[in-house]
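The values are calculated or read from the model by the stated rules, or taken from the named source; none is laboratory data. This is a predicted model, so every value here is computed, not measured. In this analysis, Cβ positions are derived from the backbone assuming ideal geometry, glycine residues included, and neighbour counts consider all displayed protein chains. With ligands, DNA and RNA removed, areas are computed over all heavy atoms of the protein, side chains included. Shrake-Rupley method; radii C 1.70, N 1.55, O 1.52, S 1.80 Å.
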Amino acid sequence: RRRAARRARAKPPGTPPGTPPGTPPGTPPGTPPSRAARTAPRSPTHYERLGVARDATSDQVRKAYYRLARTTHPDKAVEPQEAAKAMAALNNARDVLADPEARRRYDATLNELAAS
């Protein structure tokens, strides 16, 4: 395990000394990593996950959920374990967006994150 972790952190071959891990190839030594490299990847919002607009009605949310659930369900998928994770994310998105109070709280959280 330790070797695999070291290899994962290792710099690509030909990287100049002093270049931090994660720096794109060809970047001059001493260049700070880009903002994209410093920040963790953002997970999709519930709206993005279901493919609906933020002002979508509960009926539109329901239809989007069922459309995606037909293709994502573990019983229909080639990779059931991956599909189970994706289905759990869809269920969570639907649960939050279907409940008006939970949706209000979620929208407030998104607004706070956008403001910061």
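Could you check segment 92-116 and list, in sequence order, the residues that are hydroxyl-bearing (S, T, Y) and surrounded by 13 or more Cβ atoms within 10 Å (Cβ to Cβ)?
Within segment 92-116, Y106 is the sole residue that qualifies.
Would you mind finding the one in R67, R49, R3 that is of a type in the set (D, E, K, R), open to solvent by 50 Å² or more (accessible area, probe 1.4 Å) and at pLDDT below 65?
Of the residues listed, the single one that is of a type in the set (D, E, K, R), open to solvent by 50 Å² or more (accessible area, probe 1.4 Å) and at pLDDT below 65 is R3.
Do we have A37 as assigned to a loop (DSSP other than H, G, I, E, B), at pLDDT below 95 and hydrophobic (A, V, I, L, M, F, W, C) here?
no
If you scan segment 37-75, which residues turn out to be touching a helix residue (DSSP H, G or I) at 6+ places or on another chain (Cβ under 7 Å), farther than 21 Å from L110 by Cβ and not aliphatic (A, V, I, L, M)?
Passing the criteria: T72, H73, P74.
Name the helices (runs of 4 or more DSSP H) wholly within segment 42-116 that hold at least 2 residues that are touching a residue at least 40 places away in the same chain (Cβ under 8 Å)?
The helices (runs of 4 or more DSSP H) meeting that bar are 46-50, 80-98, 100-115.
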